[in-house]
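The values are calculated or read from the model by the stated rules, or taken from the named source; none is laboratory data. Just so it is clear, the structure is predicted and the values come from calculations on it, not from any experiment. Note that we place each Cβ from the backbone using ideal geometry, even for glycine, and neighbour counts take in every protein chain shown.
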Amino acid sequence: MVASLPVALSAEERIRVLEDRCLTLETQLSSVGNSQSDLRAEMRQEIASLRSEIEALAKSMESSNRQINGKLDRLFGARAVVTAAITLLTSILGSGVVHLAVSIGK
């Protein structure tokens, strides 16, 4: 398995680091001779492990983004409802004040 990455890295940065490691291993693998089959197998396994970890991180990011977007949609929807309620209340109160002013003026 790969050495653990610093926790402070964002998911995108971790994916980038893992992709760099994977490309480095693939480059090294191409230079390893066929006579070193054990090393080649181990490197292929490490590359597969890195690719799996990259896919898992990408799926996790996508899921998190979907959750955040859903929360933002609900927040903006609630904001629109509150704005509409305030507009309606202001309109009703404004009509009442006009009606009161006309009634007093008579």
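For this structure, a couple of remarks:
- From Leu29, Leu72, residue being of a type in the set (A, V, I, L, M), in contact with a helix residue (DSSP H, G or I) (Cβ under 6 Å, 6 or more places away or on another chain), without any contact (Cβ under 8 Å) to a residue 24 or more places away in the chain and not in a loop (DSSP other than H, G, I, E, B): Leu29
- Residue list for region 60-93, restricted to those being over 24 Å from the mean Cα position of the chain (by Cα) and not aliphatic (A, V, I, L, M): Thr83, Thr87, Thr90, Ser91
- Positions within region 1-43 being among the basic types (Lys, Arg) and at pLDDT below 90, in sequence order: Arg40
- When Ile92 is tested against the conditions (1) among the hydrophobic types (A, V, I, L, M, F, W, C); (2) assigned to a helix (DSSP H, G or I); (3) surrounded by 12 or more Cβ atoms within 10 Å (Cβ to Cβ), the lone failure is (3).
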